[in-house]
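Have a look at the structure below before the remarks.
The values are calculated or read from the model by the stated rules, or taken from the named source; none is laboratory data. Just so it is clear, the model here is predicted, and its values are computed rather than measured. With ideal geometry, Cβ positions are generated from the backbone for all residues, glycine too; neighbour counts draw on all protein chains shown.
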Amino acid sequence: ATAHIEAVEAARPLNAFLVETPEHALKAADAADAALTKGEAKPLSGIPLGIKDLFCTEGVQTTAASKILEGFVPQYESTITAKLFGDGAGMLGKLNLDQFAMGSSNETSAYGNVISPWRGAGDAQLVPGGSSGGSSSAVAARLCAGATGTDTGGSIRQPAAFTGIAGIKPTYGRCSRWGTVAFASSLDQAGPMARDVRDCAILLKSMCGFDPKDSTSLDVAVPDFEAALSGDLRGKKVGIPKEYRLDGMPEEIEALWQQGIGWLREAGAEIVDVSLPHTHYALPTYYIVAPAEASSNLARYDGVRYGLRETPQGGSLAEMYEATRAAGFGPEVKRRIMIGTYVLSAGYYDAYYIKAQKVRALIARDFDEAWAKCDVLLAPTAPSAAFAFGSKSDDPIAMYLNDVFTVPSSLAGLPAMSVPAGVDVDGLPLGLQLIGKSLDEQGVLNAGYAIE
Ligand code: GLN
C-alpha cells in the first residue's frame, strides 16, 4: 500500500484522483497483515484499488466529477465498494471521470482533464479515454493494482483500450447498481479495470452477486472466474461480425483484428463469419435511449437533496432549481438533458424514444441469432488509438463515433471485454474486444486470455 500511496502522490499531474484516501488503503493493509498471520487472508486482502468517483463511498466525497455534487458525502457504501472492501481491498482514493460518466475522453469532468501516462507523436499529451479515464490512467500508470469502472456505452472498454489495460463490462444485472450514481439505468454496469485478464477475473468475482436492493440485479451463482481461466479454445467458435468492418477504418485496426483472429485460431478456436445487420443503428439508438434515461435520472439534482445549492437573492423555489442546475451541470450534461427531454416529450416520444426501444430489440435479436453460429465475438474496441486533447471536444458527433463498437453489446446487455492487443504506428496501445452470450463472462475472459 505504501508504494502505491507514494506513486499516487508522485503522479498528481495526471489528475487521475479527485480525492486521496491513503488511510483507507493503509487500514486494509494492516488488516491484511493481521489476517495473514492468522491464516485468514481474504480474496483481496490488502489490495490497493482506485474507485471511480461514481460509486458512493461512506464518509468520502462522491461527485460524479460534477459541480452539482460538490461536497456530497454519502452516508452509505455502494454495494460494489462494500463487496470489494469486504473481501479485504483498500481504497487509495476516488478517481476522476467524465462528468456523470458522459464522455469518451475524460474532458467533461468539472475537475479538469485526466492525462494518459502514454504520450503521442511529438510528445503530445493524450486522453485516457472515457468515461472511466481516471481509472484507466491510474491503472496504466501503476498507481493502483486495479480500479472500478462503469460502462454504459463503452466507458470501461474504450479507456482500457486507449491505455493498454484490460477491462470487462459484465452482463447487465451481474453487478449491483445500488449506490452508484445513475446515468442510464437500463445500460449502466460496473466492472473491473486491471493490468491483465487474470486480475479482472479476480476482481469481477468479488464485484458480482445478487443484491435485493437493485431491482434489476440477477439472482444467479457467481462462478470462480479465475479458477476456470483457460486460453485453450478448442471446440469454441469465434464469430467475426462483418458489420464492424467500417469504411475508412484505419489500416492498423484492421491488421490488429486479423492478428487477433490468428491468435484465437492458434488457441484452437474455429473462426466463423457472422452478420449483425442492425449494428449501423446502434449508435443513434444509444444516443436516444441513454440521454432519455439520463434526463430522468438527473431530475433529482434540485439543490435540495444533494451537494450544490444556488439561491438567487429573493428568488423563488423554481429560481433556486434553475440557478443550481445552471451552475452545477457541465455543458455535455446539459446537452444530454436537452436531448433526453426532447425525445421523451409528448409528440416526439413515439417517433424517437419508442422507435429507439424497438430498434434496441432488433439489435439484441441480431446477437441472439449470432449465438446459433458462435460462442463469442471478436471485434476492435475503438476505431482509433487515443487522441490528443481538444481534437474532438468541439464536435459531439465525432466524439460519439468513438463508441461505435461498444454500444451494440451495451444495448443488448451482453458481457464484453477489451484486452490490450497491439500498438499503432506511434507505438500507442490498441485493444481488441470480446463480446459474449448473456452470463458467459467466462467465455469472454477465456478468449481474452488467449489473446493477451
Ligand atoms: N461515451 C459514451 C457516452 O458518452 C459512453 C459513456 C459510458 O459508458 N458511461 O455516453
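Could you pull out the residue among A89, A101 that is within 16 Å of the ligand (Cβ to nearest atom) and surrounded by 22 or more Cβ atoms within 10 Å (Cβ to Cβ)? Quick ask: steps written out before the conclusion?
Details: A89 fails: within 16 Å of the ligand (Cβ to nearest atom).
Testing whether each residue is within 16 Å of the ligand (Cβ to nearest atom) and surrounded by 22 or more Cβ atoms within 10 Å (Cβ to Cβ) leaves just A101.
From the list E77, E58, pick out the single residue that is touching a strand residue (DSSP E or B) at 6+ places or on another chain (Cβ under 8 Å), away from the ligand (no atom under 13 Å from the Cβ) and more than 29 Å from A326 (Cβ to Cβ). Working first, answer last.
Working: E58 fails: touching a strand residue (DSSP E or B) at 6+ places or on another chain (Cβ under 8 Å).
Only one candidate qualifies: E77.
Taking the condition of being of a type outside the set (A, V, I, L, M, F, W, C) and assigned to a loop (DSSP other than H, G, I, E, B), how many residues in the stretch 154-206 meet it?
The initial filter retains those residues of the stretch 154-206 that are of a type outside the set (A, V, I, L, M, F, W, C), namely 154-155, 157-159, 163-164, 167, 169-174, 176-177, 179-180, 185-186, 188-189, 191-192, 195-196, 198-199, 205-206.
Still in the list and also assigned to a loop (DSSP other than H, G, I, E, B): 154-155, 164, 170-174, 176-177, 179, 185-186, 188, 195-196.
Adding up the residues that qualify gives 16.
Looking only at strands (runs of 3 or more DSSP E) that lie completely in the stretch 1-115, which have at least 1 residues being of a type in the set (K, R)?
Numbers: elements: 17-20, 48-52, 90-95.
Output list reads 48-52, 90-95.
Report, ordered by the first and then the second residue, all pairs with beta carbons closer than 7 Å, sequence separation of six or more or different chains, a first member in the stretch 333-345 that is over 10 Å from A294 (Cβ atoms), and a second member that is not in a helix (DSSP H, G or I).
Pairs found: Y342/Y348.
Which condition from (1) within 30 Å of R245 (Cβ to Cβ); (2) at pLDDT below 95 is the one that I339 breaks?
(2)
As an exercise: evaluate E322 against (1) under 28 Å from Y342 (Cα atoms); (2) more than 16 Å from the ligand (Cβ to nearest atom); (3) surrounded by 15 or more Cβ atoms within 10 Å (Cβ to Cβ); (4) touching a residue at least 12 places away in the same chain (Cβ under 8 Å) and give the number of the one condition it does not meet.
Going through the list (1) under 28 Å from Y342 (Cα atoms); (2) more than 16 Å from the ligand (Cβ to nearest atom); (3) surrounded by 15 or more Cβ atoms within 10 Å (Cβ to Cβ); (4) touching a residue at least 12 places away in the same chain (Cβ under 8 Å), E322 breaks only (4).
Kindly indicate whether any position in the stretch 86-96 is closer than 19 Å to S384 by Cβ and out of contact with any Leu (no Cβ under 8 Å at 6 or more places or on another chain).
No: the stretch 86-96 contains no residue that is closer than 19 Å to S384 by Cβ and out of contact with any Leu (no Cβ under 8 Å at 6 or more places or on another chain).
Residues that are crowded, with 22+ Cβ neighbours inside 10 Å and away from the ligand (no atom under 15 Å from the Cβ): find the helices (runs of 4 or more DSSP H) completely inside the stretch 337-414 holding 2 or more of those.
355-370
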